[in-house]
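The values are calculated or read from the model by the stated rules, or taken from the named source; none is laboratory data. What you see is a predicted model; the values in this text were computed from it and never measured. We place every Cβ from the backbone using ideal geometry, glycine too, and count neighbours over all the protein chains shown. Areas reflect the complete protein model, heavy atoms only, side chains present, ligands, DNA and RNA absent. Shrake-Rupley method; radii C 1.70, N 1.55, O 1.52, S 1.80 Å.
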Amino acid sequence: DLRPRAPWGSVVVVWRCRVNSMASMEAENGQDETRSKARESMVSLRRRGSQMTLEIRRPGSKMLTSHRLPEIINEIGIGWYHIISFVILVCMPLAEGAGMIVMTNITHSLKHQFHLSTWQAGSLDAFSFTGLAVGHSVAGFLADLKGRRLPIVLGYLGISLLSLFMTMSSGYSSMVALRILHGIACGIGVPPAMSMIAEIMPSDWRPFMFIVFWSFTAVGETYAAAGMVIFMPELKEDSWKQVVLWSAFPAFAMLLLSVARLQESAHWLAVRGRLIEARIVLEHMAKLNGKLSILQKLGPPPAYDLSLLYNVAGITARQTTRDREKEESQESAHASPTEILRILVQPHLLKMVVLFSILASVGNIQTFGLSNVWPELLRHDSHGLQYLGPAQKLMLLVSVGIPVGGVCALISNSKKASHRI
């Protein structure tokens, strides 16, 4: 057959070229759309001195930011989420108070059981308070670095395990090590718990919650004294192990509850750039409180998780809209250590810090210092209330802090009364 044949190969090549050109045009159109969306939702890095801020602009919607969290939490209001979280947090000073008062009241029994000298017996209490101071100091750095939840869980875990190990102690050296570690465990969870209350509670409830929080130190001491009434009514019996385990029971119960129900602070997550996790926490808060409609104001969930960039060159994450970009560009998203130090040494703030440091020192001397004195005084029968035993007298003394804390909490809830005070 000599008739000319159609060049099918060339037709296929031409068709493929046309398809490829159409695909490339669609890809270019898609890229244009992507670029336009990128312009609408743009990630930028802004440097201000030594501080770098990562910003995400998305017009037309108010995104989740650390700046907006207090406003959102106030709109969600108080509810079951806050009740469950507060129960876990408030038991941290309870466990601290119970543990420290038990440590000072079992010293007399330890002295006789381990045949300790007077100096050795007295040093045990000193080591407990040294560990407590170390725990408070380390807690702030750990909470800022790893979050609020971890130190709280570690505190409950440490109190539970170290109290158990303390009942297995066989001498002065092991008791010293356990006393120091137990003090650290008692102190490591308190500052993060305070920070978490400030970050998750609505602003109107914070003064009331803070006072109730610290009043639970007296609740813990009263609980521990009740155990002494049962097991050590004269404060000198050898059944100190039962008292130690009794004091650790709330910490063990809260350890299980905190692992199961306590969530990380949404504010800390947002500041660290973990915006998706912060949104999940807020959704859980709104769901438990019956306020899911509040989250509709935030628009869609964040599409960016900036946590991997946080530790690069001091970057912090922030999301802004075009409406507030100019206003927020004048603010610092996260103060540097130098800036914090400069603020702290200002005369008016330094005066306040010194004043409250003195007040806190006096309060700690009265709270923890007298807990070391009362057992020695109450073991004698010459101090009135002859029909009450030493442990009952101790329980009566430490329980005074409960109604006092309740009155202060009610005063703080009244704007006029708290202003006058």
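Values for this structure:
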read-out: Note, ³J(HN,Hα) from phi for segment 206-221, Karplus 6.51, -1.76, 1.60, rounded to Hz, x at Gly and Pro; value: 5, x, 4, 5, 5, 5, 4, 4, 6, 5, 6, 5, 5, 5, x, 5
read-out: At R0 = 41 Å, FRET efficiency that the Cβ-Cβ distance of residue 236 and residue 350 yields, to 0.05; value: 0.30
read-out: Computed accessible area, residue 146, all protein chains, 1.4 angstrom probe, square angstrom; value: 120
read-out: Contact order relative to length of segment 157-234, as percent, for alpha carbon pairs under 8 angstrom and 6 or more apart; value: 23
read-out: Table column - 3J(HN,Hα) (Hz), segment 394-409, Karplus curve with 6.51, -1.76, 1.60, x for Gly and Pro; value: 4, 5, 5, 5, 6, 6, 4, x, 5, x, 4, x, x, 5, 4, 5
read-out: Translational diffusion coefficient (Stokes-Einstein; Kirkwood radius from C-alpha pairs) of segment 97-224 at 20 °C, 1.002 mPa s, in µm²/s; value: 138
read-out: Hydrodynamic radius (Kirkwood) for segment 61-157, which is based on Cα pairs only, to one decimal in Å; value: 16.9
read-out: Among 90-99, 189-198, 104-113, 351-360, the order from most to least packed when residues are scored by Cβ within 10 Å on average; value: 90-99, 189-198, 104-113, 351-360
read-out: Phi-based couplings in Hz for segment 342-353 (Karplus 6.51, -1.76, 1.60; Gly and Pro marked x); value: 5, 5, 5, 8, 5, x, 5, 6, 5, 4, 5, 4
read-out: R0 of 22 Å, Cβ-Cβ distance residue 366-residue 411: FRET efficiency to nearest 0.05; value: 0.65
read-out: Globularity ratio of segment 102-155, using Cα Rg and 2.2 N^0.38 Å; value: 1.55
